[in-house]
Structure formats: C-alpha cells, structure tokens
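**Q** My questions all concern the structure below.
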Amino acid sequence: MTDHDEVLDRIGSGLLYTESEAAFRNPQRRADLIFEYNGTRPGDDTARRALLERILGSVGARTVLLSPFHAGFGSNVHIGDDFFGNVNLTFVDDVEIRIGDGVMIAPGVTLTTTGHPIHPALRENFRRFSEPIVIEDRVWIGSNAVVLPGVRIGYGSVIGAGSVVSRDIPPMSVAVGVPCRVVRPITDDDLTTGVRAAARGAGPDGA
C-alpha cells in the first residue's frame, strides 16, 4: 500500500488527516472551472452546462445551478435530474456529496463533508475528518441551512431555513432548528394545505 492509499483509507474511514497528507488530491480540484462558470452569462445555457459537466463528478438532466456557487473540489459532487440550486450554494466536498432527483436548495446553503477536531493541538496543519453527505430525492432545503458531515436527508423531507443539520433526517419529515430536529411528518393533509401556510409552518423561507 502506498502512502497515498493509506491517506485515502483514513479519509474514507472518517479518521483525521492533514492538509499536507492530502495535497496529492489537489489536481481533482476544479477551482478555475468554477471561477469560469460563475462568470458566465445567465442565459448562456450551453456554456454553463458544458462547464458543469467538467466541474462535477456527475450531473443529471435539467439541472439549474445559479451563480455564484462554491466548491472545495467540485469533482466529488454528484447531482441527479431536475435539480435547482439557488445562489451562494457551497459544497465542502472533500469526500462525496450525493444529491438525488428533484432536489431544491435555497440561497446561502452550505453542505460540508468536513469538520475539525475540538482540541487545538489536533488542528495543526489543518487536520480534519470527512464523511459523505447524501440528500435523497425530492428534498427541499431552506435558506442559510448548514448540513454537516455524514448526514443523510431522507426522501421528500423539508429542512427549515437557518437549520443546522447534524444528524440524519428520516424520509417525509419537516425538520427545523439548531440543532435540526424533526417537528412533524409530511402527510397527505399537506396536499390541501395552502402553499403560504405550509411554508410558514416548515420555515424554509423560499427556494
């Protein structure tokens, strides 16, 4: 096993690793392409799509990702069909972020796969740990929410604006707060609830 393989094993296991140890991964970063994407004209769909396909690990059909967006790598992000991402979406994608079909993400959201140790002695050389994020189909994440390492958000769930999601959210749930907690299930009653009333109850503050 090479030194690089050993570091990758640690990263994949959620163990600590340093900036220096992970420097060999820098060619996977897409910073210049992301900069180029954020400077394209909003109506230049052909150029924007071509850049997204070069930036992301995979991208589905009918994807809308408004500028600007930010990513540590870009190449570790996988997005399904019919995705809508509003402005200032940030992917801290030291490991994979997988987003399903029909997902909507509001302005100012951060999806971060990486955290740092509590004790300062362990943070030398930017030591950190990384765990993947999974967002299942039909999820709606409200403005300024933060999704932390290792979280899975289940099918159809709604995350309220300003929430900090530090644990898994089950499917078909409304979850809000800091830390984010499930407040109720999504049921067939929500099919007949007024749109504005439903949004106030969930608190996602728009997409």
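Values in this text are rule-based calculations from the coordinates and carry no lab data. The shown structure was predicted, so the numbers you read here are calculated from the model rather than taken from an experiment. Cβ placement follows ideal geometry from the backbone for every residue including glycine, while neighbour counts extend to all protein chains displayed.
**Q** Between PHE35 and SER58, what is the FRET efficiency for a Förster distance of 22 Å, r being their Cβ-Cβ separation, to the nearest 0.05?
**A** 0.55
**Q** Report the full-extension gain for the segment ARG123 to LEU191: residue separation times 0.36 nm, less the Cα-Cα distance, to one decimal in nm.
**A** 19.7 nm
**Q** Let me ask another. Return, ordered by residue number, the residues of the range 15-51 whose backbone nitrogen is under 19 Å from a label point located 7 Å along Cα→Cβ of ASP3.
**A** Counting backbone N atoms under 19 Å from the label point, the list is 16-28.
**Q** Follow-up question, since we're still on this one. I need the phi-derived Karplus couplings for the range 108-116: 6.51 cos²θ - 1.76 cosθ + 1.60, θ = phi - 60°, integer Hz, Gly and Pro marked x.
**A** x, 8, 10, 10, 10, 7, 10, x, 10
**Q** Going 7 Å from the Cα of VAL178 in the Cα-to-Cβ direction, what parts of the range 68-99 have a backbone nitrogen less than 20 Å from that spot?
**A** Inside the label zone: 88-92.
**Q** For the range 1-48, with equal point scatterers placed on the C-alpha atoms only and solvent neglected, what are the log10 I(q)/I(0) values from the Debye formula at q = 0.16, 0.21, 0.26 1/Å, to two decimals?
**A** Result of the Debye calculation: -0.60, -0.73, -0.93.
**Q** Using alpha-carbon pairs under 8 Å, 6+ residues apart, how would you state the relative contact order of the range 3-185 in percent?
**A** It rounds to 15 percent for the range 3-185.
**Q** Still on this structure, I have one more. With a Cα-only, solvent-free Debye model of the chain, what are the log10 I(q)/I(0) values at q = 0.17 Å⁻¹?
**A** The computed values of log10 I(q)/I(0) come out as -1.15.
**Q** Taking the chain as a Gaussian network, where each spring joins two C-alpha atoms under 10 Å apart, which residue of ARG41, ARG152, ARG138 fluctuates the most?
**A** The residue that fluctuates most here is ARG41.
**Q** Rounded to whole Å and sorted largest first, what semi-axes of the equivalent ellipsoid does the C-alpha gyration tensor of the range 77-126 yield via the square root of 5 times each eigenvalue?
**A** Over the Cα atoms of the range 77-126, the semi-axes work out to 29, 12, 7 Å.
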